Each structure stands twice: as structure tokens, then as C-alpha cells.
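To start, the structure itself, in C-alpha cells.
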Amino acid sequence: MTSRAHLGLATLIAVIAASGGACTCSKGTESGTADASSTSGAEPTEGAAPALGAREETGAGGGLSAPIAAARGEQGDVVVAGLDVAARAIRVQRISAKDEVLAERTVFEGAGWTSEAELKVMPAGGGVAVVWRGLRSKKTVRQAVILGPDLAPIGDVVDVAPASCATRDALWYTDGKRIHSRPWASAPSRFGMPGDKEGAVLVCGAHRAFGLVDDDEGTSLLSWGGGDGGASKVLVTSLLKESDYGEDDQRERPEYTVGDDVGVVRLSVAGAVSLREVRSGAVGPLHKLKTIIPHDDDVVAVDASPRSIVVVFTEDVGDACPKGDGGVATASTRVKALRVDRATFEESTVELSPGMCGREVGPFFTGAIGDTVSVAWVERLSVIGMSRAPIAGLLHRTVPASGPAGELARIEQPADALVDAGCDSTRCYAVALARRSGMDAMVPGLARVLRYP
């Protein structure tokens, strides 16, 4: 993922809050106002977030502060984790499809916030794996614990390396030199990286873990695992060769998985796009696409369904907006998607949003629902201080394998943080850290599940 290099203070505060990385346990100053005029006549369909109901009135369930993280469970429930400042721990809640707190537990006792604090929640069989990076007993740690469906711990808390992901069978993590596998149903294992391969970017498929290693020669793919989450023979595959591109250097290289297939997208400095997939262990041909993504545009997400690959990118269109203080144009961002058919590799570009003046976008959440790729993004206000929530809501749109994109829709939800919780076979989920009525960012908030499309 890329981001613009020069961000104002207000934008920087909002970016941190939207990603769930800012603690919501201290007051801020008065906020500014945002210009809501649009650069286009197209308006998203309005949608309201579900009411907090009894949880708002009674405060059922403990309050949460950022950072937060979430993952979908089974039968429409969602597990969310967040910092509980008063308890000095991470509070984990399982929220039902009816927005009831079914189970609640604190883990990582002695936890404390830092500016680099981070949480991950990943599905783990019928439960979840929770990874905490931050203070614990005044020491910086990166640790994981596996929780069952009732949120009871399964096994001990373990130290993990920075890169981690989860398959259906195991939690995988690497410190750059070794790969660790902690299966849900068997003993953990550890093994070394082959040869001189270090610094792998880890990504998980359904049952296999993949490591992508970039060097001066290109990109290599390592793969491990099978159906049991245990260690198996490491496969090493050359995926991209820089010699194939002449002087057009790599700008970025995102990856995606579909089941246990994996693909990479190479974006060059000149904007050329190419991709290659590994399907059933076999390396496919290199496809150099016709579409050019200009240097000033940002690739913000890449995902795929069984039938198509979707590359989401943004374009700054703020120059069309009214001038703000100091004669500077207010923010507005157009969102587009490059769609590539996985069978024919035909390509088309779809506009997902024309942009709205006074609104900033990101992060982006994607997921496959059957053959359709869902694309959602956080919409943020250009605010200063924390007396009003910096997040306005969530916009979303579907990109089918062919034909026009689904209708652009918005879920209005003021929040201090908004995180992805993944997709199942019918819909996608996100979790907002909402303020209690009349309260500000100093008071711990409540997790509100957003469901779409």
C-alpha cells in the first residue's frame, strides 16, 4: 500500500485513528468543519449503521479504546479486540448477528498503549488468534494467544515475529530467518529459510503460507504447509525477474491469494502493470497489461475472486474543490478499479467513486463474495482535534467479474477507529469504535459491527 508523502497534521491524526492505531483515551481540541460539496452529481446510497440499543443505554460489555482489530466468526458473529485502559489489558468480545455481546474476556494483562501499538485478530478454527504489539508490564512485546469459540485461551501466550498470517489450519509467523507454524490442532513447528532467502513478506492462502522475497534480481516465492498446518518441504519459485523490464524499475509489488493460488502484481515507475499467478503449484505466464496507472495515483488494494483480479487505485481530484483556508484546495479523491479476467486476462477500468470535497479516504477493505470482489473504504473528515470523531463512515461498492459495478453506498457511522473484519460467502464486515452519546474521545467507546453490501 502507498500513501501520499506530505500530510497535514489533521490528515495525519485522522489516518492514525482510521487504522485503529491511536489511543482514544485523551482529550483533544475543538475540531474544524469540513466542506461536503461533491465533485460530481453522483451520490452514494445512504445507509445507517445498526443502533447500539441496550448496549448504549446500559453499557453492557466493557468499553474499548484504540487500537482495535476484528475478524468475522461463524453464523454472522464478529470477534473484536481493543485496548481496555482501565483494566490494563486487551478486551475481546464476540458480538452476535443481533449485536449482542455473547462472550467477553480480557487477555494480555498489563497491556499499555504506545504510539506504535498494534492489534491483529485472525480466524482460528472456531475461535481466533489475537496478536498484540505494544507494552506489557512496561516492556515492548509482540505476542499471540489463541482463543476458542467461548474466548477461553487455548495454550499459552507465545512471542511471535513481526510478520504473521493465518491459514485455516495454523498461525504462521517469521522473523526473517525462520518460519514458525502453530497449528490449531497439533504441536508447533519451526524451520529455517532456504539458502540466502531472508526478509520474506508473509501471506496466507486457505491451507498454505507463502513468503515473497524481493531482491535486486526480482521476486521469489516460498511456500509451506498443506492440510494440517505443519511444516513441509519448502518450495522456492522465481516469480518476477527485473531483467524482463529493462530500465523501468519496480514501484511496488502487492500480492493476493485465491484459495491456495497466489498472485503478484508489479507496478513500475512508469505506471506499467504486470501480473503472474501460481495455480496448484504451477507458475503461470507473465501478463503485461495495457492499462497504465499514472505515477501520481496510488494503488491502495489488490484482491481477487475465482474469476477476476481487482487492483484499486486512487486519484487526487482536490483541485476541482472550493479553496479552503490559505487558498488551498480541500481534499477529494477519485477511486477506480482495474479489473482483470483470470481466464482471458482481458482488462477494464471501473470508477468506484468520483470523490467528495472535504473528505479523505482510506484505509481500504477488500474481500471476495463468490465471483464478486467487494471494495470498501473509510471516509474521513478533515478535522483538527478530537472533540468530534474524525471518521464519517464507510463507503462500499461491489466489482463483479463482468458488467457494471454495484451501486455506490455509504454507511454513516461517526467513529474514532474503523477496521476490517473480513468477508464470508454472502457479505463483508467491519467494526467501528463508536462514542457513547454525549461523550468525547477520552471515554472508552463501544464496538459497532457494520455489515455490507
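Table for the structure above
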{"read-out": "Selection of trypsin sites (Lys or Arg not before Pro), region 375-453, meeting DSSP coil and at most 10 other Cβ within 10 Å", "value": "none"}
{"read-out": "Shape category assigned to region 348-453 from the gyration tensor of Cα positions, a/c cut at 1.5", "value": "oblate"}
{"read-out": "Cross-link pairs 139/177; 290/323; 290/336; 177/241; 98/336; 120/290 - those with Cα-Cα distance over 27 Å", "value": "290/323; 98/336; 120/290"}
{"read-out": "For region 95-189: rounded, prolate or oblate by the Cα gyration tensor [a/c cutoff 1.5]", "value": "oblate"}
{"read-out": "Cα shape, region 255-388, gyration tensor, a/c 1.5 rule", "value": "prolate"}
{"read-out": "Sequence-distant residues sharing a close amide H with residue 262 (under 5 Å, placed H)", "value": "278"}
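Bear in mind these aren't lab numbers, they're just calculated from the coordinates by the rules spelled out. Bear in mind that the values here come from a model prediction, so they are computed numbers and not experimental data. Here the Cβ is made from the backbone with ideal geometry for all residues, glycine too, and neighbour counts use every protein chain on show.
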